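Below is one structure, written out as C-alpha cells; the observations come after it.
The values are calculated or read from the model by the stated rules, or taken from the named source; none is laboratory data. All of these numbers come straight from a predicted model, not from anything done at the bench. Neighbour counts are summed over all protein chains in view; Cβ atoms, including those assigned to glycine, are modelled from backbone coordinates with ideal geometry. Only protein heavy atoms, including side chains, enter the accessible area calculation; ligands, DNA and RNA are left aside. Shrake-Rupley method; radii C 1.70, N 1.55, O 1.52, S 1.80 Å.
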Amino acid sequence: MRPLALRTPTPQPLSAVTRPQIRVESLSVSYDGQLALQEVSLELRPRQITAIVGPSGCGKTTFLHCLNRLTDLHPNCEVRGKIWIGNTEAHASNCDLPSLRRRVGLIFQKPNPFPSSIRQNLHLPLKEQGMSLREEREATMRDALQRVGLLDEIDQRLDHSATHLSGGQQQRLCIARALALDPEVLLLDEPCSALDPMSSAVIEDLLHELRSKTTIVLVTHNLAQARRLADDVAVFWKESAAGRLVEFSNRDEIFSHPKHPLTQAYIRGERG
Amino acid sequence: MPEASVPAALSRDTVLHALSAACAVVVVGVVGAIVGEIAWRGASSVDWAFLTAAVRDAGRSGGIGPILVSTSWILAICLIVAVPLGLATATFLSEGERTHPRLVAGTRRSLDLLASTPSIVFGLFGNALFARGLGLGFSILSGALTLACMILPIFTHSAETALRQVPPEVRAGGAALGLSDGRRWLHLTLPIALPGILAGLMLSIGRALAETAALIFTSGYVVRLPQSWWDSGRSLSVHIYDLALNVPGGQTRAAASALVLLSLLVAIHAAAQALTRRWASERNDP
Ligand SMILES: Nc1ncnc2c1ncn2[C@@H]1O[C@H](COP(=O)(O)OP(=O)(O)OP(=O)(O)O)[C@@H](O)[C@H]1O
Ligand SMILES: [Mg+2]
C-alpha cells in the first residue's frame, strides 16, 4: 500500500527502501495550449538510476523540468497533475522553490558553468543556501570536486575561469556544483551528449558511484548507456503530437522482454 | 572558370579594403582636425589658475572654477537619478517581455519617443515642470533632473542590450541551483552585462556633458560658485556656448574651456575602459 506509506509523516528506515522517492500522478504539460506531455504517471525508486529514453521531442526534458519546477521559467508552460518528491508536493503553490531545487539537482545537456571562477561557481549556490562560513564552503567545495574526480586536475586553477575548462571537466564541475548542495535527487538531461567517449565514461563511472546515495534520473539518447547504467527504464513516445509514457519497467524487462510494440521497435533499432 | 575569377575577386577585395581604409583615415582626420584646432587655440590659456579661478569679465579673464563645480554637481545628481532608474527599467525590459508584454511595449515606445525629442524641448519641459511646477527654480537640481530625463533613454537602451547578452542557460543554471531572482541578477546577470552597461554610462555622460539647450532654462547661467543644489549654476557647455556667441573676444577662452571638456571626456572614457579591463581580468585569469 504505497500511498499509505507515503503519507506517514516520519520516515521509517526499513520501509523507506520501498517508498518511492518520486511519485508522478497524471502529469500533463502544455506549451501555449499545445500538449507536450500527456497523462504521465510513474513512481521512481530511491537510490536507483532510472533512465528515460525516447525519440526527440517526446517530452523528456519537459518531464525533468517538471520535477524541480524549472518549468516555471517558461510563462507559456502549463503543468497539470501532481508530483511528490519525498513528502513534498512539488507543484503546490506553497512549495518553497529554492529549497526544492536544492533537493532536486538538474544537470543540463550542454555544460553551463557560470562565466566566473571555478571557486565562485561552487561558492555562490552554497552562500545562497545559507552557508555563511567561508571555510565551510571551501571544505564543501573541495569535497564535491573530489567526488567528481576534478580536485586533483584543477586544484591549482580554482580561481581561473570555469569556461576555460574542457567540456568534460565543465560537465563534472556542473555535477559537483549540484552535489555540493547535497541533493536527494539528481536529474541529468543527456549529460554526455556533448562529450567525447572518454569524458562520457568518466561521468558514467561517477553516476554509478553516486547511485548508493542519490536517486538519479537520466535522460539519454544512448540505449547502450541506459543498458549499462539503469536499474529502471521509462520509454517515452510522441503520439499524436503529445509525449506519453509507453512502458516503464526494470532494465532487464525492457531490454529482454519489451511489451509495447513501440518499445520493441525502439530496442530492435538499437540492435539492428 | 574558378582560376580566372580568383584574381578578379582579389582585386575587388583590394579595392574594397583600400576604400574602407580611406574612410577610416578620413574619420581619424576629422577627429584630429577638431582636437587640433581646439588645442591650438585654447591650450595656451589652460593652466591651474584657469581651472580654479572665478569667472571674471563675463569669462574674458579669470577661470572656470565655479563652472567646473556646477558641472560636477549637475552630472552627479543626474547620474544618481538616471542610473538606478535606467538599470531597473532595462532589467524590466529584458526580463518582463513574457510576463508583461504590453507594459514592456509601452515602456519601449515611451523611451523611443524621449530619445527622439530635441533637447530644447527638454529644456522647456524641465523649466515648466521642475523649475516652475515643482518650485525648484533655476537650480542645479532642476538642471540635473532635466538631464536625467534626457539621458534615460540612451542609458536604458544600452543597459538593456547588455543585459540581453546574458545567455539563457546561465539563468536556468542559476535557478536550478536554487538561486533567487535577486541573487541571480546581482551575481550572474550584472557581472556579465557590466562592461556593456559601463559603455552605455560613458555615452550618457558624454551626452550630459555636451548638453546646452536643456540646461539654459533649468540650471541657468549664473557664474557664481553654487552653495547648494538649490542655487543656479552654469555648466561647462553653457559657458562655452555663451563665450563663443555672446561675448566679443571670448573665442580663446571658449576654446580653452572646450579643451577642458574634451580632456574630461577622454579621461572618463579611459578610466571606464581600464576599470572594465581590470575587472574582466580579475574575474577570469588572475
Ligand atoms: N519553451 C518551449 N516553448 C514551446 N514549446 C516547447 C518548449 N520547450 C519544449 N517545447 C515543445 O515540447 C515538446 C517536448 O520537448 P522536449 O524538449 O521536452 O523534448 P525532448 O524529449 O527533450 O527532445 P530532445 O530529445 O530533442 O531533447 C516539443 O514538441 C517541443 O517543441
Ligand atoms: Mg531534451
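Things worth noting here:
- In terms of distances greater than 28 angstrom between alpha carbons, the cross-link table entries A:Lys238/A:Lys259; A:Lys213/A:Lys259; A:Lys82/A:Lys127; A:Lys213/A:Lys238; A:Lys110/A:Lys238 yield A:Lys213/A:Lys259; A:Lys82/A:Lys127; A:Lys213/A:Lys238.
- For the chain pair A and B, the interface hides roughly 2200 square angstrom of accessible area in total, found with a 1.4 Å probe.
- Computed 3J(HN,Hα) for segment A:177-185, one whole-Hz value per residue from the Karplus formula 6.51 cos²θ - 1.76 cosθ + 1.60 where θ = phi - 60°, is 4, 6, 5, 4, 7, 6, x, 7, 10, glycine and proline marked x.
- The simple spin-label model puts a point 7 Å past each Cα toward its Cβ; for A:Arg142 and A:Glu78 those points are separated by 5.3 nm.
- Accessible area of A:Cys77 (1.4 Å probe, protein heavy atoms only, ligands and nucleic acids ignored): about 20 Å².
- In order through segment B:149-161: 3J(HN,Hα) via Karplus (6.51 cos²θ - 1.76 cosθ + 1.60), integer Hz, x for Gly, Pro: 4, 6, 8, 3, x, 5, 5, 4, 5, 6, 5, 5, 4
- Using alpha-carbon coordinates, inclination of helix A:118-129 to the longest axis of chain A, degrees: 70
- Per residue, segment B:5-45 exposes 75 Å² of solvent-accessible protein surface, assessed with a 1.4 angstrom probe and all protein chains in place.
- Computed from Cα atoms, the angle from the helix A:134-147 axis to the main principal axis of chain A rounds to 50 degrees.
- Rounded to 5, percent antiparallel among DSSP beta bridges of the protein assembly as shown: 60
- Rounded accessible area of A:Leu188 (nearest 10 Å², 1.4 Å probe): 0
- Residue order by solvent-accessible surface for B:Thr14, B:Thr71 is B:Thr14, B:Thr71, largest first, with ligands and nucleic acids left out and a 1.4 Å probe.
- Each residue of segment B:98-114 was assigned a 3J(HN,Hα) from its phi angle through the Karplus expression (A = 6.51, B = -1.76, C = 1.60, θ = phi - 60°), giving 7, 7, 10, x, 6, 5, 4, 4, x, 4, 5, 5, 4, 5, 4, 4, 4 Hz with x at Gly and Pro.
- Within 10 Å of the Cβ of each residue in A:110-117, the mean number of Cβ atoms contributed by other protein chains is 6.
- Taking segment B:48-284 and dividing mean pair separation by its residue count, relative contact order in percent (alpha carbons under 8 Å, at least six apart): 27
- For A:Ala51, nonlocal amide neighbours, meaning residues 5 or more places apart or on other chains whose placed amide H falls under 5 Å from its own, are A:Leu218, A:Asp231, A:Asp232, A:Val233, A:Ala234.
- Here the spin labels are modelled as points 7 Å beyond Cα on the Cα-Cβ line, and at A:Glu25 and B:Ala270 they lie 7.0 nm apart.
- Each residue was assigned an accessible area with a 1.4 Å probe, and for A:Arg244 the value is about 80 Å².
- Separation in nanometres of the label points that stand 7 Å from Cα toward Cβ, at B:Ser263 and B:Ser180: 4.8
- Take every Cα pair under 8 Å whose residues are at least 6 apart in sequence, average their separation, divide by the length of segment A:108-234, and the relative contact order is 31 percent.
- Dipole orientation for chain B: of the candidates B:Ser235, B:Ala172, B:Val15, B:Ser235 has the Cα lying most toward the positive pole (charges on Cβ; Lys, Arg +1; Asp, Glu -1).
- Chain A - percent relative contact order, Cα under 8 Å, separation 6 or more: 25
- Put simply, the amide H of A:Gln109, placed in the peptide plane, has neighbours under 5 Å in A:Asp189, leaving out anything fewer than 5 places away on its chain.
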